[in-house]
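Notes follow the structure.
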Amino acid sequence: MSYDIIIIGIILIVSYLFSYALYRKNIINKNLHDKIWNIIFLISFLLSAGMGIIIAGIVDFGINLDIRLDINFWHIEVGIIFFVVLFLHLQSNWSSLKKLFSNI
């Protein structure tokens, strides 16, 4: 089973750059740009975490289902989305994160 790390990464980065360009050209405002990516971030986290809990339950109860392989595949694919969007999120909020950690 192979995972689409590069394809997903490229699609997300190009999409992010496109929405960022729309923001820079004043077609959308910064608030909308941030909301779009925060929603993608939240949905990818909830899906990945939810599937992880389902997988843990299946393994914990010793249930042997073929669907487990499908859930595992999609759990990893959504996890890749979450990971890429995490770095985009960190990049876009770097200045506020830098201020936050400079006080520690």
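Within the stretch 75-104, what residues put their amide N at less than 11 Å from the label point 7 Å along the Cα-to-Cβ vector of Ile55? Flagged as within label range: 75-80. Computing FRET efficiency as 1/(1 + (r/R0)^6) for Ile63 and Phe101, where r is the C-beta to C-beta distance and R0 is 35 Å, gives about 0.25. Lys/Arg Cβ at +1, Asp/Glu Cβ at -1, dipole of the chain taken about the Cα centre: which of Gly57, Val84, Ser19 is farthest positive-ward? Checked the options; the winner is Ser19.
Suppose R0 equals 25 Å. What FRET efficiency, 1/(1 + (r/R0)^6) with r the Cβ-Cβ distance, do Asn38 and Ile71 give to the nearest 0.05?
Values: r = 26 Å, r/R0 = 1.02.
Between Asn38 and Ile71 the formula returns 0.45.
Each Lys and Arg adds +1 at its Cβ and each Asp and Glu adds -1 at its Cβ; summed about the Cα centre, the chain shows a dipole of about 760 debye.
In a shell of Cβ-Cβ distance under 15 Å around Gly79, excluding Gly79 itself, what net charge do Lys and Arg (+1) and Asp and Glu (-1) give? Once all neighbours under 15 Å are counted, the net charge is -3.
In the chain, one over the average inverse separation of all distinct C-alpha pairs is 15.6 Å, which is the Kirkwood hydrodynamic radius. Taking a Cβ cut-off of under 15 Å around Ile11, the surrounding Lys, Arg, Asp and Glu residues balance to a net charge of -2, with basic ones at +1 and acidic ones at -1. Calculated mean residue ellipticity, 222 nm, the chain: -29000 deg cm²/dmol, from DSSP H runs (n ≥ 4) at -39500 (n - 2.57) each, averaged per residue and rounded to 500.
Which shape class applies to the stretch 1-57: rounded if a/c is under 1.5, otherwise prolate when a/b exceeds b/c and oblate if not, where a ≥ b ≥ c are the square roots of the Cα gyration tensor eigenvalues? Before the final figure, lay out the partial values.
Details: a/c = 7.21, a/b = 1.79, b/c = 4.03.
Oblate shape, in that a/c is at least 1.5 and b/c is the bigger or equal ratio.
Coordinate-derived values only; no laboratory data. Bear in mind the structure is a predicted one, so any value in this text is a computation, not a measurement. Positions of Cβ are generated from backbone atoms using ideal geometry, with glycine treated the same way; all protein chains shown enter the neighbour counts.
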